[in-house]
Amino acid sequence: MSCILPPEILDLVIDHLHDERAALKTCCVVSKSWAPRTRSHLFARVELNASRFHMDMWKRAFPDPSNSPAHYTSTLCVSNLQTLTITNRHVGSWIRTFRNVAHLEFLYVGPAALIPFYGLSPTVRSLRVAHSTAEVFDLICSFPLLEDLALVALSFKRRVDPWNPPPTSPKLTGSLNLRALGTVPPVARRLLDIPGGLRFSNIKVVFSDNEAQSVRDLVLTCSDTLESLTTRYFPSGAFFQPPWLTSTSSLFAEAGIPGMVPHDLSKAMKLKRITFLQTTMGSTVQWITMALQTVVSKNLRSITICVDRFVLVTVGEAAHQEWNDLDRLLVQFWNTHSIRPRVTRLVGKDMRDFAQSLLPELTRRELVDLVGI
């Protein structure tokens, strides 16, 4: 099929359809000259699920790796790879055709399954791994340009040998999203062993007591570059309690939490935003206050506290006093930095009752933004 339109115009038309997959598939069969530009959008994101035979389907559709559209892929998601080895029939030279991947994601993978993906693409800048094993740290170090990292629900169920860090060092200057609850050894501690140091500017972390000291060290290590911190602390046992067990929850609130290790933000001079995600069970308010007391950054512009709507039924006398202490500290932040704290997630009447009862000074002086979701 001949076309009188200049190639640049055709490219603009196809680019305009980048999120219309049905239209892109039609364009792909109109003309050979349309195929490359169309494929660059159709295969920009590829999801390979081993349990659904996606890999076999890919190899049948593109038996010749040299003609594969894999080089158009910028986002590759791989899931349910439990028993792959480097000689497995599912893993051949075709996997290396994904050479321009910028974002790589793994869900439910076994240790051997990660090996073929080490150093898959020199352009990987973002990596997300969920439900993996200790081999993930070798994977991290195989991407020298890696900036953004997300480690979610890692679990080490087998014996963990000492890790010998490779000499390569990723950049790790972007964001870290870490969910570490009950992992052995602590994931944050393994991150600190990565050669070259950590320089994350944006950290979001969910952790429990066994990770507390390692997470504190991790945040402190990133002090020179840290601009945004979002954190959620689960005291030991708190996240095993269902929210309707209010009597048990009240015991947590009254008893307090011994041995709390707050973040040390005294050296985070570039810190602009800090967000605390409050747990339903367990009193973490004192921990929030302790962390805020270390803040000295003159660049701080935002303090957000997200509270669960069940928090009202878990507040005992001791926890009530902790909220009042936090209230007075937040008033000081207004006086010194003109920061209006933001409290969110409670809705309707709960929000007003919460503020009047637990943040009385902020509420009376109208220094708090209450945002219901």
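Things worth noting here:
- Assigned charges on the beta-carbon of Lys, Arg, Asp, Glu; the stretch 1-42 dipole about Cα centre (debye): 240
- Cross-link partners of residue 270 among aspartates and glutamates, defined as those whose alpha carbon lies under 17 angstrom from its own and excluding same-chain residues fewer than eight positions apart: 224, 227.
- Taking 30 Å as the limit for the C-alpha separation, the pairs 32/59; 171/272; 25/171 exceed it in the case of 25/171.
- Local net charge near residue 71, Cβ-Cβ under 12 Å (Lys/Arg +1, Asp/Glu -1): +3
- Annotation: the residues 222, 28, sorted from fewest to most other C-beta atoms within 10 Å of their own C-beta, follow the order 28, 222.
- Pairs of Cα atoms nearer than 8 Å and 6+ residues apart set the relative contact order; for the stretch 1-42 it is 38 percent.
Every number in this text was worked out from the coordinates using simple rules, so none of it is lab data. Everything numeric in this text was worked out from a predicted model, so none of it was measured. Backbone-built Cβ (ideal geometry, glycine too); neighbour counts: all protein chains shown.
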